[in-house]
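A short write-up of the structure that comes next.
We did not get these values from a lab; they are worked out from the coordinates using the rules stated. Note that the structure is a prediction, hence the values are computed from the model and not measured. All Cβ positions, even for glycine, are placed from backbone atoms using ideal geometry, and neighbour counts span all protein chains on display.
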Amino acid sequence: MRISALIVAAGKGSRMGGDAAAPAKQFRTLAGQSVLAHTVARFAQHPSVHSIIVVAPKGEQQLAQDSIDTDVTIVEGGASRSASVANGLAALPEECTHVLIHDGARPLVSAEIIDGVIEALHSSKAAAPALAVTDALWRGKEDRVIAPTSREGLYRAQTPQGFEIAAIRTAHSAPSDAADDVELALAHGLDVTITQGHEDNIKLTYPADFERAERIIAARKTTMDIRVGNGFDVHRFGDGDHVTLCGIEVPFSRGLQGHSDADVGMHAVTDAIYGALAMGDIGQHFPPSDPQWKGAASHIFLRHAVDLAHSQGFEISNADCTLICEHPKIGPHAPDMRAKMAEIMGMDVTRVSVKATTSERLGFTGRGEGIASIATITLVKS
């Protein structure tokens, strides 16, 4: 499954009111950055999303690009929502098999909601999040109630709405005034699976919605979920002419033995991430009994752990790795190790520490029998 996100942000937001010369709602500031930047970030941080298409208002593609700091493809919107989606679908990469179509004005969508839609797409050609209607419903005219209306079987639709590419392209093959893509899908005979939505996944429509979104973001910061994990790993010396530590080949008279490339530093950091997530260790995710991991580069394991953290809504705040050995000397190579680890984890190098110590010639490291490593990771819920 190769998934792209298609973020529809081509509307003018006329119901928002205010100064007609003011930017459209998707370009307005929310908690320090544009609404669109918030929305794009939700998908850019998700490991299952491989590319992002943003559909911007006609003539405002540059404004859309300037309002975000993520590498996306921006296309021009059409005269209707359906036309805008069709333009976005046409711009999807050829390898894309599924698409998540999301309102640009829903900046608070969670990783859990995205996960739910993706999971449903494994067994369905279409899926979308929604919330069951729980309030009593009335039909009314002006300021009077005419009659009660049953809420049985009614849902409040949300996005992202996910589809198999071929199916949704067929549904968009002709102009339509459909309110959303599920309506189009149903009109073309697709069964749509309902997944779990969330009250916080609001669409910014009226001025009061911005106030509510600010409160939600502030509450998330107040109740910040912070996790700390530690990792420890050991590898013995064997034959070789170098050791691989934190992704860098260090010349040495011996090598390190292990099922993979025996990168003891990277293994400790990887296990620290798994530990912070309470999701096991390297051996659980990449069993040494599986021959496909024989000699594997350890960046595969680290990248998996990082992606897993992102899929759970966490960002890595910092990483601290200590290598314990008498030889080789780590200091001259530490800057390159930090840079390599930062590159793999998608972090600023100032948040990655790699350092070394000896064990004062005590124990197996002191006797020069191998290298040990300890690592600490801090994860912050984004």
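Quick notes on this one:
- Close amide-amide hydrogen proximity is noted between Thr149 and Leu137, Trp138, Arg139, each under 5 Å apart and 5 or more residues distant or on a separate chain (H modeled in the peptide plane; Pro and chain starts excluded).
- Relative exposure of Ile146, Ile216, judged by other C-beta atoms within 10 Å (fewest first): Ile146, Ile216
- Evaluating 6.51 cos²θ - 1.76 cosθ + 1.60 at θ = phi - 60° for every residue in region 340-355, the Karplus couplings come out as 5, 5, 4, 4, 5, 8, x, 10, 6, 4, 5, 9, 10, 10, 10, 9 Hz, glycine and proline recorded as x.
- For the chain, the longest site-free run once trypsin sites (Lys or Arg not before Pro) in DSSP loop states with at most 11 other Cβ atoms within 10 Å are removed: 59-293
- In the chain, taking the dipole from charged Cβ atoms about the Cα centre, the farthest positive-side position among Ala339, Leu256, Ala127 is held by Ala127.
- Spacing of the modelled spin labels on Lys329 and Ser123, each 7 Å from Cα toward Cβ, amounts to 6.1 nm.
- For Leu245, residues with placed amide H under 5 Å, excluding near neighbours: Val250
- Note, ³J(HN,Hα) from phi for region 193-206, Karplus 6.51, -1.76, 1.60, rounded to Hz, x at Gly and Pro: 7, 8, 10, 6, x, 8, 4, 6, 7, 7, 9, 6, 10, 10
- Per residue, the chain reaches -8500 deg cm²/dmol at 222 nm when only DSSP H runs of four or more residues are counted, each adding -39500 (n - 2.57).
- In region 62-127, GluC sites (Glu not before Pro) in a DSSP loop with at most 10 other beta-carbon atoms within 10 Å: Glu94, Glu95
- Taking a ≥ b ≥ c as the square roots of the eigenvalues of the alpha-carbon gyration tensor, region 3-222 is classed rounded because a/c is under 1.5.
- Only one residue of His327, Ser317, Met279 has its Cα farthest out toward the positive end of the dipole of region 226-381, where Lys and Arg carry +1 and Asp and Glu -1 on Cβ, and that residue is Ser317.
- Estimated distance in nm for a label pair at Lys294 and Thr358, the labels positioned 7 Å out from Cα along Cα-to-Cβ: 3.8 nm
- Label corresponding to semi-axes √(5λ) of the Cα gyration tensor in Å when calculated from the structure given, among [x] 35, 26, 18; [y] 37, 21, 20; [z] 49, 21, 20: [z]
- Summary value for the chain: 15 percent relative contact order, contacts being C-alpha pairs under 8 angstrom separated by 6+ residues.
- Segment Val380-Glu199, extension gain: residue separation times 0.36 nm, minus the distance between their alpha carbons: 62.9 nm
- Sorting the segments 371-379, 29-37, 63-71 by their mean number of nearby beta carbons within 10 angstrom, highest to lowest, gives 371-379, 29-37, 63-71.
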